[in-house]
Amino acid sequence: MTQTQTQTPQTQTARTEESATAVIDRYLVLFDRLAHDPAAVEAIVALFAPDVTVRLFEGQEPLVGIPALRQLYGGFAQGMVDSKHVWTTTVLDDGRIELRWLHASRRVDDRLVALSGVEYVTLDGDGLITSLDNRMLTPDSRY
């Protein structure tokens, strides 16, 4: 005998939020892997929709499409020897994901870098990132 499970709106919302945050978790884990595994570039760009737009800095023209992202993340891979993120995610009422992050890295020239920011991410129906808009925060910003 099989049981039929019905999904309440709350159950569906919880699963949607879980799926959304799983994409973000994978994105940041792969980003940190870039420092040790240049092949992670292809894995990270696979998380994005073909016509994705990414803006990393306020006032910057957005990068558009996978080739631009492949170049961006390839540059990160070549520039770091270690990378670590900590983050929190919140699915907003409008469906966007708010990602608050802290990042520490060691560059190939042995410089240490610490950054923080907040990103707003949208996903398509397939769970691919369609837009990512970042705002850098100053080190003394409060979350």
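The values are calculated or read from the model by the stated rules, or taken from the named source; none is laboratory data. As the structure is a computational prediction, the values presented were derived from the model and not from experiment. All Cβ positions, glycine included, derive from the backbone under ideal geometry; neighbour counts span all protein chains shown. For accessibility, only protein heavy atoms count, side chains too; no ligands or nucleic acids. Shrake-Rupley method; radii C 1.70, N 1.55, O 1.52, S 1.80 Å.
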Practice prompt. Kindly sort GLU58, GLU98 by accessible area of their heavy atoms, largest first, with the probe set to 1.4 Å.
Written response: GLU58, GLU98
Practice prompt. May I ask you to list the residues of segment 105-128 whose amide nitrogen lies under 14 Å from a point 7 Å from Cα along the Cα→beta-carbon direction of LYS84?
Written response: 105-107, 112-115
Item to complete: Quickly work out the GLN71-to-ALA39 label distance, labels modelled 7 Å from Cα along the C-beta direction, and quote it in nm with one decimal.
Response: 2.6 nm
Response to the item:
For LEU92 the rounded accessible area (nearest 10 Å², probe 1.4 Å, non-protein molecules ignored) is 40 Å²
Worksheet item: How much accessible surface area, in Å² rounded to 10, belongs to the heavy atoms of PHE57 with a 1.4 Å probe?
Response: 110 Å²
Worksheet entry | q = 0.14, 0.26, 0.29 Å⁻¹: log10 I(q)/I(0) that the Debye formula gives for segment 40-88, counting C-alpha atoms only | -0.40, -1.10, -1.14
Item to complete: Determine how large the accessible area of VAL23 is when every protein chain is in place; take a 1.4 Å probe and give Å² rounded to the nearest 10.
Response: 20 Å²
Discussion item. If a paramagnetic tag sat 7 Å from the Cα of SER19 along the Cα-Cβ line, which residues of segment 69-112 would have the backbone N under 16 Å from that point?
Written reply: 91-92, 95-97
